[in-house]
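Written below as structure tokens is the structure these notes are about.
Nothing in this text is a laboratory measurement; each read-out follows from the coordinates by a stated rule. Please read all numbers here as calculations on a predicted model, not as lab measurements. Virtual Cβ from ideal backbone geometry, glycine too; neighbours counted across all protein chains shown.
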Amino acid sequence: MGRLIVGNWKMNGMRQESRRWLGALKARLADPVPGVEVVICPPFTSLADAAEELRGSVLQLGAQDTHWESRGAYTGSISAEMLAEVGCRYVIIGHSERRRYDAETDEIVARKLQACWRVGLHPILCVGESTPERKAGMTVRRLGAQVRLALCDPLTHGPVPVASLTVAYEPIWAIGTGLAAAPVDCAQGLEAISAELKRLWGAEAATRVALLYGGSVTAANCKGFWTEGGASGALVGGASLDPEAFSAIALAAGKVAR
Ligand code: PEP
């Protein structure tokens, strides 16, 4: 399993801007970074342009969300089938901003994971504790519950292809704040996630799930999450909007052996 560096542009990037950022990124990452897969997740409106722009490059395309149904009366939604058709390989699922602003529950997250697997997309499941949960010493319990509920939803009961799952530990207090977790906090969070995966599926299957860290990752702090923190990659928000900073993170990942 190599390293995975994922850029989440969130609600940023008008079409022209997106093409410009991708052009700059392609120029910086013209050659494959050994052992590293780099994914960009632009807003829905830029996906078709991005698919065209990234064709033949080493960069992969991802989306920031999907609906759980394939089609139907779900105004404003986009299905996993649509994302696959436009050229996505990855989808971010259960980001804390969606849980917070779009009332996304663990049950919805579970259904969205199943929708990804239905069409062969690779979901990146986001889990993380809030500041009050952290202060109350509930981090491990919270992460365990989020993982369990996302993967064992009683309504879906679908199969879980473990090799096609990535889990990102994203402490809410670290997202977009500039207050990245310390590598030791990252290691503890990933350990809690890993322990829950082992409980669900056993040790061998759990080791096949890639674990990322996300939350104020920069070119200056990224290495610590992979060395001391034990993450196999990063989910990058703010810094992914700067092609120079994001490519520096991807290149740094290629220098830290797995
Ligand atoms: C994110 O959006 O998943 C994220 C980690 O954002 P940032 O890097 O800006 O903290």
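I need the phi-derived Karplus couplings for the stretch 85-101: 6.51 cos²θ - 1.76 cosθ + 1.60, θ = phi - 60°, integer Hz, Gly and Pro marked x.
Taking θ as phi minus 60°, the curve returns 4, 7, x, 6, 10, 10, 9, 7, 10, x, 4, 4, 5, 6, 5, 7, 8 Hz for the stretch 85-101.
Residues in the stretch 166-184 near a label at Thr227, defined as backbone nitrogen under 14 Å from the 7 Å Cα→Cβ point?
Under cut-off, by backbone N: 183-184.
Let me see the pair-distance distribution of the stretch 1-149: every alpha carbon pair, 5 Å bin width, integer percents in order.
It works out to 2, 9, 17, 20, 19, 15, 10, 7, 2, 0, in whole percents.
Regarding the chain, what's the average projected area of the Cα-atom convex hull, expressed in nm²? Kindly include the intermediate steps, with their values, before the conclusion.
Details: hull surface 50.9 nm².
The Cα convex hull of the chain, projected and averaged over all directions, gives 12.7 nm².
Quick one: putting +1 on the C-beta of Lys and Arg, -1 on the C-beta of Asp and Glu, what dipole do you get for the chain around its Cα centre, in Debye to the nearest 20? Please list the in-between numbers first.
On the way: 27 positive and 26 negative charges, 53 e Å.
Here the size comes out at about 260 debye.
Give me the one-decimal nm value for the distance between modelled label points at Ala145 and Thr45, 7 Å along each residue's Cα-to-Cβ direction.
A separation of 3.7 nm, rounded to one decimal place.
Can you give the extra length, in nm with one decimal, that the chain gains between Arg258 and Glu191 once fully stretched, where that is 0.36 nm per residue apart less the Cα-Cα distance? Mind showing how you got there, number by number?
Working: separation 67, 0.36 × 67 = 24.12 nm, distance 1.71 nm.
Going from the current span to full extension adds 22.4 nm.
Explain nothing, just the number: relative contact order of the stretch 127-243, from Cα pairs under 8 Å at least 6 residues apart, as a whole percent. Could you put the intermediate results ahead of the total?
On the way: 175 pairs, mean separation 33.5, N = 117.
29 percent.
Amide H to amide H, which residues 5 or more places from Ala234 or on other chains are under 5 Å from it, using H placed in the peptide plane?
Leu4, Ile5, Val6, Tyr213
If I build a Gaussian network model for the chain, linking alpha-carbon pairs within less than 10 angstrom, which residue out of Cys222, Cys116, Cys152 has the largest mean-square fluctuation?
Cys152
Charges on Cβ only, +1 for Lys and Arg, -1 for Asp and Glu, centred on the Cα centroid of the chain; of Val33, Pro161, Gly87, which one is farthest towards the dipole's positive end?
The residue sitting farthest along the positive end of the dipole is Val33.
Expressed as a whole number of Å, what is the distance separating the alpha-carbon centroids of the stretch 43-87 and the stretch 227-258?
That distance is 23 Å.
Quick one: dipole size for the stretch 129-258, taken about the Cα centre, charges +1 on Lys/Arg Cβ and -1 on Asp/Glu Cβ, in debye to the nearest 20.
260
What distance in nm separates the two pseudo spin-label positions at Leu179 and Gln16, each 7 Å out from Cα along the beta-carbon direction?
Those two pseudo-labels are separated by 3.9 nm.
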